[in-house]
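> Below: one structure in structure tokens.
The values are calculated or read from the model by the stated rules, or taken from the named source; none is laboratory data. Every value quoted in this text rests on a predicted model; they were computed, and no experiment measured them. When we count neighbours, we look across all protein chains shown, and the Cβ atoms used for this are built from the backbone with ideal geometry, even at glycine. We work out accessible area using only protein heavy atoms, side chains counted, and drop any ligands, DNA or RNA first. Shrake-Rupley method; radii C 1.70, N 1.55, O 1.52, S 1.80 Å.
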Amino acid sequence: MSLLIVGGAAAGVIYSGVYNVAATSDHWPITRWALQKTVHRSVERQASGIDVPPLGSEKQLLAGAVNFDAMCSSCHTPPGAQPSAAAQGMYPEPPELTHAAREKSPGEIFWVIKHGIKASGMPAWGASHSDDDLWAMTAFIAQLPDMTPADYRQMLQTAQASGIGHGAGGHHGESGDGHPAEDANGQDHGHNDGDEQAPGHRDGSAPHSDSGSRPHAHG
Ligand code: HEC
């Protein structure tokens with residue numbers, strides 16, 4: 001009987017639309033508790049059988065740093081940086097990972113990276129990356145509690161100098177410049193450069209005017 005009442009109340013909440021799904025609105029405390037507990041216990045359980053390989057060689061840490069910088073730092077603020085606009089606007093906000101490094105086992109961190117977390121914004125990287133790549137990032141994350149911003153910059157520089165690029169599992173050949181294609185540094189779309197206050201948007205012909213800096217190709 002009481003189960004029926006609880007179930008009915010839950011359905012009532014869902015169908016009424018009163019639960020605000022805006023990322024700008026905090027979860028109700030009970031929802032937050034339930035979600036956090038669910039994630040926490042699920043990760044512990046799923047990761048319990050994972051065999052952790054040796055972690056922490058220099059090469060592995062450098063590869064992990066480069067991959068982290070390329071794929072994770074837009075959400076998980078790296079040492080010495082400020083949270084990105086995207087990170088600040090997400091809910092749950094992607095955590096800075098020092099805390100995870102202290103609280104979670106390497107197996108758990110590896111599992112989260114590989115499989116992601118449903119409906120949170122944390123992607124699964126296992127389909128696109130080898131376990132070696134994921135362990136390298138796991139090893140890197142484990143070092144975060146002792147890493148200064150200068151250490152982090154140094155690691156990226158050393159990696160670049162030694163030709164360790166993004167995807168250092170080996171698919172980028174020997175060329176040495178492993179520039180991450182997807183680094184999210186801020187090109188500012190959506191700026192309005194005030195020189196286009198043209199009154200005539202009426203006929204829908206694309207109003208692109210390249211503000212004239214293009215050299216003449218013929219002439
Ligand atoms: C698009 C944003 C985004 C990207 C990119 C991203 N993450 Fe996450 N990540 C999140 C969010 C959001 C959470 C929190 C999920 C939650 O609280 O349930 C999270 C959680 C985690 C956690 C668990 C943290 C904890 O304290 O439990 C780890 C570890 C992690 N991410 C590692 C990574 C790594 C490594 C990468 C890059 C390969 C990465 N993430 C890329 C958004 C992102």
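> At a 1.4 Å probe, what is the % contribution of carbon and sulfur to the accessible area of the stretch 44-170?
51
> Near Lys118, which lysines are there with a Cα under 17 Å away, not counting those fewer than 8 places off in the same chain?
Lys37
> Which value in Å is the Kirkwood Rh of the stretch 44-170 over different Cα pairs?
14.7 Å is the Kirkwood radius here.
> Another question, if that's okay. Could you give me the ³J(HN,Hα) list for the stretch 52-58, computed from phi with Karplus coefficients 6.51, -1.76, 1.60 and θ = phi - 60°, whole Hz, x at Gly and Pro?
8, x, x, 10, x, 5, 4
> Would you please put 55-61, 133-139 in order of how densely packed they are, using the mean number of other Cβ atoms within 10 angstrom per residue and starting with the highest?
133-139, 55-61
> Tell me which chymotrypsin sites (Phe, Trp or Tyr not before Pro) from the stretch 1-57 have a DSSP coil assignment and no more than 15 other beta carbons within 10 Å of their own.
Tyr19
> Counting only heavy atoms of protein chains, what accessible area per residue, in Å², does the stretch 44-170 have with a probe of 1.4 Å?
Roughly 52 Å² per residue, with all protein chains present.
> Answer with one residue from Gly56, Pro78, Pro92: the one whose Cα lies farthest towards the positive end of the charge dipole of the stretch 44-170, charges on Cβ with Lys, Arg +1 and Asp, Glu -1.
Projecting each Cα onto the dipole axis, the largest value belongs to Pro92.
> Can I ask one more? Using 20 Å as the cut-off for backbone N distance, which residues of the stretch 85-118 belong to the label zone defined by a point 7 Å from the Cα of Leu35 along Cα→Cβ?
Correct set: 85-97, 99-100, 112-113, 115-118.
> Given the Cα-Cα distance of His99 and Gln82 and 0.36 nm per residue of separation, how much length would full extension add, in nm?
That works out to 4.5 nm of additional length.
> Next question, about the same structure. Check which residues have an amide H placed less than 5 Å from Ile117's amide H, if you skip close sequence neighbours.
Excluding prolines and chain starts, which carry no amide H, the hits are Met122.
> Let me ask something additional. Each residue of the stretch 99-107 in turn: what ³J(HN,Hα) in whole Hz from Karplus with 6.51, -1.76, 1.60 and θ = phi - 60°, glycine and Pro shown as x?
These are the phi-based 3J(HN,Hα) values: 4, 4, 4, 7, 8, 10, 6, x, x Hz.
> How would you order 20-27, 152-159, 110-117 from highest to lowest mean count of nearby Cβ atoms within 10 Å?
The packing order, highest mean first, is 110-117, 152-159, 20-27.
> Tell me, what is the FRET efficiency for Gln157 and Ser57 to the nearest 0.05, using R0 = 30 angstrom and their Cβ-Cβ distance as r?
Between Gln157 and Ser57 the formula returns 0.95.
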